[in-house]
Amino acid sequence: FLKMPEAQQVGVYFLMGDLSESGLPRSYIGQSGSVGKRLEQHHQTKDFWNRAFVVISLINSMTQTHAQFLEWLAIGEATKAGRFDSP
């Protein structure tokens, strides 16, 4: 993904990892103006995750405001579901 041009777009990402001490899978939700660069940064600083899911626009029409709203919404829904632990 990092070598694809889409990696330089605005996007929302979900980092998924191993089980936490509470027995729930770990999850981190974020957004970035260059989602590929942000994933590279997280690869250097966060060691809990082994999968990433990325949401981008196929026509490059997602704005930073869209991404911030989707991040906020996803964090709220994930918190409400209570099925994941944040690192």
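One table, with the values for the structure above:
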| quantity | calculated |
| --- | --- |
| Complete set of residues in the stretch 56-79 that are of a type in the set (D, E, K, R) and either in contact (Cβ under 8 Å) with a residue 12 or more places away in the chain or under 12 Å from Tyr13 (Cα atoms) (or both) | Glu71 |
| Residue under evaluation Gln68, criteria (1) crowded, with 16+ Cβ neighbours inside 10 Å; (2) in contact with a strand residue (DSSP E or B) (Cβ under 7 Å, 6 or more places away or on another chain), criterion not met | (1) |
| Residue among Leu73, Leu39 that is open to solvent by less than 90 Å² (accessible area, probe 1.4 Å), within 27 Å of Met4 (Cα to Cα) and over 11 Å from the mean Cα position of the chain (by Cα) | Leu73 |
| Number of positions in the stretch 65-87 that are among the basic types (Lys, Arg) and assigned to a loop (DSSP other than H, G, I, E, B) | 1 |
| Count of the stretch 1-26 residues which are modelled with pLDDT of 95 or more and surrounded by 18 or more Cβ atoms within 10 Å (Cβ to Cβ) | 8 |
| Those residues of the stretch 42-55 which are in contact (Cβ under 8 Å) with a residue 12 or more places away in the chain and either open to solvent by 90 Å² or more (accessible area, probe 1.4 Å) or under 11 Å from the mean Cα position of the chain (by Cα) (or both), in sequence order | His42, Trp49, Asn50, Arg51, Ala52, Phe53, Val54, Val55 |
| Condition check for Ser27: in contact with a strand residue (DSSP E or B) (Cβ under 9 Å, 6 or more places away or on another chain), over 14 Å from Glu6 (Cβ atoms) and not in a helix (DSSP H, G or I) | yes |
| Close pairs from the stretch 1-27: first farther than 15 Å from Phe53 by Cα and touching a residue at least 24 places away in the same chain (Cβ under 8 Å), partner of a type in the set (Asp, Glu) and open to solvent by 30 Å² or more (accessible area, probe 1.4 Å), Cβ under 7 Å, at least 6 apart | Ser20/Asp85; Ser22/Asp85; Leu24/Asp85 |
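The values are calculated or read from the model by the stated rules, or taken from the named source; none is laboratory data. Owing to the predicted nature of the structure, the values given are computational and were not obtained by experimental measurement. Glycine gets a Cβ as well: all are built from the backbone with ideal geometry, and neighbour counts include every protein chain shown. The protein model used for the area step is the full one, side chains on, heavy atoms only, and it has no ligands, DNA or RNA in it. Shrake-Rupley method; radii C 1.70, N 1.55, O 1.52, S 1.80 Å.
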